[in-house]
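In what follows, a structure is listed as structure tokens, so that the remarks can point back to it.
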Amino acid sequence: MRSSNPVFSRGWRDNNGYAGFTPGPQAGTAAQGNPYASDPYAQPTNPYAQGGPDLRQGAPAQPGRMTMDDVVMRTAMTLGLVVVGAAFGWVTDLPPMLGFGAAIVAAVLAIVQTFKAKPSPALILGYALFEGVFLGVVSKAYNHYADGAPVQAVLGTMAVAVGTLVAYKTGLIRVNNRFYRVVTAAAIGFFLLMMVNLLFAAFGGGDGLGLRSGALGIGVGVIGVLLGAAYLAMDFKEIEDGVRYGAPRHASWSAAFGLTMSLVWIYLEMLRLVSILNGDD
């Protein structure tokens with residue numbers, strides 16, 4: 001199973017002979033005892049195993065292996081810094097240019113982290129803080145035109161996150177290779193469309209192709225939220241597999257990074273959607 005999030009794309013591997021996050025046999029391989037051989041999109045028995053312990057039977061976590069507690073703690077740290085940064089950006093009433101400057105810094109830190117072989121807590125926490133400042137400035141701006149939109153967007157993001165987790169755990173969302181390919185293709189198309197809209201807005205003025213206002217904007221916003229939820233489900237799958245197959249403990253930082261980026265995406269799409277529904281065209 002390939003990664004659901006760019007921060008996982010370089011893989012989770014260590015050199016001590018334990019299970020690492022590097023794909024093993026492809027799903028659907030016709031091998032003896034492979035229950036997935038008839039399904040080309042199913043997960044192999046252990047897609048990441050490179051030898052070492054397999055924790056599928058609920059055995060105690062091995063020393064140095066990622067646990068769910070690690071992921072929860074790291075995610076709480078990153079989301080906490082997002083909140084701190086957002087509060088700073090909101091209370092200090094930073095000008096929009098400084099807010100977008102914080103967004104650029106956050107993007108640079110995220111890109112650097114993405115191409116590192118191992119996660120860097122300093123880069124991840126720095127990303128969370130600067131991204132939070134950007135969110136605070138943007139949220140304050142939206143609040144001027146659609147009073148209460150940020151609070152509604154936060155509640156909406158929480159509802160989407162909980163709903164996605166429930167759907168994933170109950171099997172309503174099945175994350176497999178086909179799911180990954182469909183969501184990735186949709187996300188690329190969505191991103192390219194938004195870039196075209198941005199170019200039209202920059203050179204033609206107004207809202208470009210009108211993809212962020214009116215009825216069309218509502219439809220685009222719903223698609224954006226659904227894409228964010230899909231990536232969140234794939235993050236859950238990465239974390240579940242990481243804990244199950246004994247990923248190295250530092251992988252919990254990558255998991256926290258991926259969850260934070262997915263939640264930020266959902267919040268921004270929800271903020272735009274709420275503002276349109278509240279009449280901010």
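The values are calculated or read from the model by the stated rules, or taken from the named source; none is laboratory data. Just so we're clear, the structure is a prediction, and the values are computed from it rather than from any experiment. All Cβ positions, even for glycine, are placed from backbone atoms using ideal geometry, and neighbour counts span all protein chains on display. Heavy atoms of the whole protein, side chains included, go into the accessibility calculation; ligands, DNA and RNA do not. Shrake-Rupley method; radii C 1.70, N 1.55, O 1.52, S 1.80 Å.
What number comes out for the charge environment of Leu268, summing +1 per Lys or Arg and -1 per Asp or Glu over other residues with Cβ under 13 Å away? For residues surrounding Leu268, the net value is 0. Our estimate of slack between Leu192 and Val108, defined as 0.36 nm per intervening residue step minus the Cα-Cα distance, is 28.3 nm. Take every Cα-Cα pair in the stretch 183-265 and report what % of them are more than 22 Å apart. Tail of P(r) above 22 Å: 41 percent of Cα pairs. What does the C-alpha gyration tensor say about the overall shape of the stretch 218-266? Classify as rounded when a/c is under 1.5, otherwise prolate if a/b is larger than b/c, or oblate. Oblate. Applying 1/(1 + (r/R0)^6) with r as the Cβ-Cβ distance of Ala215 and Thr92 and R0 = 51 angstrom yields a FRET efficiency of 0.90. With a 1.4 Å probe and every protein chain kept in, tell me what percent of the accessible surface of the stretch 139-268 is carbon plus sulfur. Roughly 73 percent, rounded to a whole number. For the stretch 117-187, the share of alpha carbon pairs falling in successive 10 Å distance bins from zero is 16, 24, 36, 23, 1 percent.
Taking all protein chains into account, the per residue accessible area for the stretch 55-214 stands at 56 Å² (1.4 Å probe).
The packing ranking of peptides 267-276, 194-203, 113-122, highest mean first, is 267-276, 113-122, 194-203, where packing means the average number of other beta carbon atoms within 10 angstrom of each residue.
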